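Let me begin by presenting the structure, written as structure tokens, before commenting on it.
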Amino acid sequence: MKSPDKDSKQNDLNSLADEFIRAAKANAEATEQGDDKTANKQNAILKKIFNNAHTHMDSAQEFYTNLMYNDDLSVKTWACIHSLALGISVDKAENILSFLSHKGDTGILRYNAETALNKWKTQGYLKL
């Protein structure tokens, strides 16, 4: 049986993952519709989650790796971008972004994946 602290931490991570998924999907929708205000609001939520992960690196790798396997391509893309920026699960993130950057039917996500991957490869880091 898990201790109450582990249960609480898992509930917090699950809640954060739900928030990340909602924000990534809403960001993609807003971007596709040209709604900059909503896209920027969702970017702020994603940035807040990133900052939280940056201060809790012990759980960040598992958190983002799990999100990389989400069915939604916007969630995958953002999880990979955050992972590269944190320097965690780099090989997985590169592979997924490479796949997405060559996938023809992903719209703006293809561009986002390609841009992030190119910056990562040329600079050696990503800054959010």
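None of the figures in this text is laboratory data; all of them are computed from the coordinates on show. Fair warning: this is a prediction, and the values are worked out from it, not measured in the lab. Please note: Cβ atoms are built from the backbone with ideal geometry, for glycine as well, and neighbour counts cover all protein chains shown.
What does the charge count near Leu97 come to, summing +1 for each Lys or Arg and -1 for each Asp or Glu among other residues with Cβ under 14 Å from its Cβ?
Once all neighbours under 14 Å are counted, the net charge is +3.
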As straight-line cross-link partners of Lys121, the qualifying aspartates and glutamates (C-alpha separation under 15 Å, not fewer than 8 residues apart within one chain) are Asp91, Glu94
Less than 13 Å Cβ to Cβ from Arg110, Lys/Arg counted +1 and Asp/Glu -1: what total charge do the surrounding residues give? -1
Would you mind checking the tilt of helix 36-55 against the longest principal axis of the Cα atoms of the chain, expressed as 0 to 90 degrees and rounded to 10? 40 degrees
When the Karplus curve 6.51 cos²θ - 1.76 cosθ + 1.60 is applied with θ = phi - 60°, which whole-Hz ³J(HN,Hα) does each residue of the stretch 90-95 get, with x for Gly and Pro? 4, 4, 4, 4, 4, 4
Cα long-axis angle, helix 4-33 against the chain (0 to 90 degrees, to the nearest 10): 20 degrees
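Rounded to whole Å and sorted largest first, what semi-axes of the equivalent ellipsoid does the C-alpha gyration tensor of the stretch 8-121 yield via the square root of 5 times each eigenvalue? Could the numbers behind the result be given before it?
Numbers: eigenvalues 88, 61, 27 Å².
Equivalent ellipsoid of the stretch 8-121: 21, 18, 12 Å, largest first.
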